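What follows is a short report on a single structure.
The values are calculated or read from the model by the stated rules, or taken from the named source; none is laboratory data. Keep in mind that this is a model prediction, so the values were computed, not measured. Every residue, glycine as well, gets a Cβ built from its backbone with ideal geometry; the counts of neighbours run over all protein chains shown.
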Amino acid sequence: MRKLHKTAAIALAASTMTVATPASAAIFEYVMSDGDILTIDTETQTGTWTGDDMDVTFTSPDFANFQGGDSPSFSYTLTDMTGTRTIRGTDYTPTRENGDRFHPWMMKTTSDGRINLWSWWGDPVVAGDYVRGIADYRVVDVPAPGIVGLLALALAALGFGRRRRKIKGAAAA
């Protein structure tokens, strides 16, 4: 009877994890032509761009569909962007407006394969878009939560098996 309960519990746990587990996400990391690092996290739908003269964080629900690759092609509207861009020793923040004109924040690829962080910088505006070429990229896979759950289940099973052997050994002595 105990074996039946254990089997049922394991089957229920495995089926629950299978149904509740989303597909694994990925973090795409690009090294830009000037050494800057651009990362896009498909799970959190966030990105960062850091380097000697750039340190910004941004979000877009479109990042959930980002496919990556060494020559990506996309155009995403950013819903939020914070941080600084350093121009001639002075830090400027991204701005949306200049007078009566609205400038949305975007990240997109250019026709020649570069990535453009589309924004105005400073108030008043002192600079425009930030465009860099891709030198290298890699993908960091993020395991699905179900994999972690299966590992925990396996460790629990090993623990129960070990406990059972200790109890049998103590009863025999």
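Taking residue 35 and the conditions (1) outside any loop (DSSP other than H, G, I, E, B); (2) closer than 16 Å to residue 138 by Cα; (3) at pLDDT 95 or above, which numbered condition does it fall short on, given that it satisfies the others?
(1)
Collect the residues in region 23-56 that are farther than 17 Å from residue 113 by Cα, of a type in the set (S, T, N, Q) and in contact (Cβ under 8 Å) with a residue 60 or more places away in the chain, keeping them in residue-number order.
Hit for region 23-56 is 24, nothing else.
Between residues in region 70-95 that are closer than 21 Å to residue 59 by Cβ and residues that are of a type in the set (Val, Ile, Thr) and not in a strand (DSSP E or B), which pairs lie under 7 Å by C-beta distance while being six or more apart or on different chains?
What qualifies is 84/93; 92/126; 95/125.
Could you please find all residues in region 88-112 being under 28 Å from the mean Cα position of the chain (by Cα) and more than 27 Å from residue 44 (Cβ to Cβ)?
Selection gives 111, 112.
Taking region 110-126 as the region of interest, how many residues are buried (at least 16 other Cβ atoms within 10 Å of the Cβ) and in contact with a Phe, Trp or Tyr (Cβ under 8 Å, 6 or more places away or on another chain)?
7
Across region 78-107, what is the total count of residues that are surrounded by 11 or more Cβ atoms within 10 Å (Cβ to Cβ) and assigned to a loop (DSSP other than H, G, I, E, B)?
6
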